[in-house]
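Please read the structure below before turning to the comments.
Here, each number is a calculation from the coordinates, and none is a lab measurement. What you see is a predicted model; the values in this text were computed from it and never measured. Backbone-built Cβ (ideal geometry, glycine too); neighbour counts: all protein chains shown.
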Amino acid sequence: MSFQVTVRPSGRVFSVEPDEAVLAAALRQGINLPYGCKDGACGSCKSKVLQGQFYQGAHSTSALSAAEQKQGYALLCCAMPESDLEVESREVLGAGDFPVKKMPTRIASIQKPAADVAIMQLQLPANERPQYHAGQYLEFILKDGSRRSYSMASAPHLAEKLELHIRHMPGGKFTDALFGASEPALKERDIMRVEMPLGTFFLREDSNKPIVLLASGTGFAPIKAMIEHAIYKKIARPMYLYWGCRSRRDLYLHETALALVQQAAQQGLTLSYTPVLSEPKAGDDWQGRTGLVHQAVMQDMTDLSGYQVYACGAPIMVESARADFTRQRGLPAEEFYADAFTSAADK
Ligand SMILES: Cc1cc2nc3c(=O)[nH]c(=O)nc-3n(C[C@H](O)[C@H](O)[C@H](O)COP(=O)(O)OP(=O)(O)OC[C@H]3O[C@@H](n4cnc5c(N)ncnc54)[C@H](O)[C@@H]3O)c2cc1C
Ligand code: FES
């Protein structure tokens, strides 16, 4: 039996089939609710259920705590209705601008700018143009049907090929194959099936607020794409980039970040770049900022009430930033946009 879900405050209504999750049903019917991992790990789809019964499927307690469940919150990516529902959720303007497609791609190149980071270029089929919002991600559909998500690292107007920045997670199925730690290794010219574009992490261009861009590790990928897009579109809002890594060699595109600052300045735009190292090594000769990247933002900005924040990378960084910026720096909760790079380890 299917159930009806009404979204508040918009009043939009959609139906959910048996065994279908609320989020999947909404996206299928063109109702663009916010989401990230689609797997109960990141919390981006958390919404209040105002009325009705539902079954909350397996999820991480960091994405939805027992206390939040008691208060009536649900993760819509893994919630199944048991009656008609009324849920409170904002819809994401622009998220449905491009059709979500499955297609074969070819690995055009793999470079290793750091020991545990690969930059992969993917060649699209000849008849496909890259269509996505800077900040969105794709999913690789692996041979066993499992999926892995990676954010596009360049803005669509620059993307003849799709650029991905992939960090090795030792013991991980996909990245062990990419880094040659398991057989068969992934290599140039291999064909990979992808689905794209996905996600609701992209610049909200209907705002005039200054922007904090916060990245940890390969979380720099979608942030880089957003900055390239903002420069291309001459978006005049001040942008403050903070990129946190462990040591100097982990800032795998430091020069690229510096070059973006130059490009922005040439267009009369304001972009600052603050790299932050959490564990600089003795040989790094590092004169810059140290510590946790989100704390560097808090040291520099005492009041975030008039800002938008876009955060991407390690789930712990994203969650700490969300909690501390909203509680201690006055950032409105709805102005914090994030993609947490969750993996099997977070579920
Ligand atoms: C929206 C989104 C965008 C992303 N974008 C990027 C990106 O641009 N760049 C990037 O580098 N990453 C990104 N990620 C993360 C990426 O999708 C993968 O999760 C990551 O690369 C690991 O994949 P894997 O197959 O190598 O590891 P997995 O097989 O998923 O394993 C991950 C880790 O968990 C451990 N593990 C496996 N199973 C278990 C278990 N049952 N219990 C405990 N531990 C376990 C493994 O040993 C490994 O260390 C993104 C994630 C999301 C959700
Ligand atoms: S999208 Fe639902 S928890 Fe990540």
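Looking across the range 203-247, the residues that are surrounded by fewer than 24 Cβ atoms within 10 Å (Cβ to Cβ) and touching a Phe, Trp or Tyr at 6+ places or on another chain (Cβ under 6 Å) come down to LYS209, PRO210.
For the range 52-76, a residue qualifies if it is over 25 Å from SER15 (Cβ atoms), touching a residue at least 12 places away in the same chain (Cβ under 8 Å) and surrounded by 13 or more Cβ atoms within 10 Å (Cβ to Cβ), and the qualifying residues are SER60, SER62, ALA63, GLU68.
With respect to (1) out of contact with any strand residue (DSSP E or B) (no Cβ under 8 Å at 6 or more places or on another chain); (2) within 7 Å of ligand 2 (Cβ to nearest atom); (3) not charged (D, E, K, R), the lone exception for GLY43 is condition (1).
Where residues in the range 76-102 are farther than 16 Å from ASP206 by Cβ and within 17 Å of the chain's Cα centre (by Cα), which of them is farthest from ligand 1 (Cβ to nearest atom)?
Filtering the range 76-102 for residues farther than 16 Å from ASP206 by Cβ gives 76-89, 98-102.
Now drop any that are not within 17 Å of the chain's Cα centre (by Cα), which leaves 77, 100.
Numbers: CYS77: 11, VAL100: 14 Å.
Restricting to residues being farther than 16 Å from ASP206 by Cβ and within 17 Å of the chain's Cα centre (by Cα), the top hit is VAL100.
Filtered by the rule that a residue be within 16 Å of ligand 2 (Cβ to nearest atom) and out of contact with any helix residue (DSSP H, G or I) (no Cβ under 7 Å at 6 or more places or on another chain), the range 140-181 gives ARG147, SER149, TYR150. Inspect the range 98-108 for any residue being without any contact (Cβ under 8 Å) to a residue 60 or more places away in the chain and either within 14 Å of ligand 2 (Cβ to nearest atom) or out of contact with any Cys (no Cβ under 9 Å at 6 or more places or on another chain) (or both) and give the result as yes or no. The answer is yes; a qualifying residue exists.
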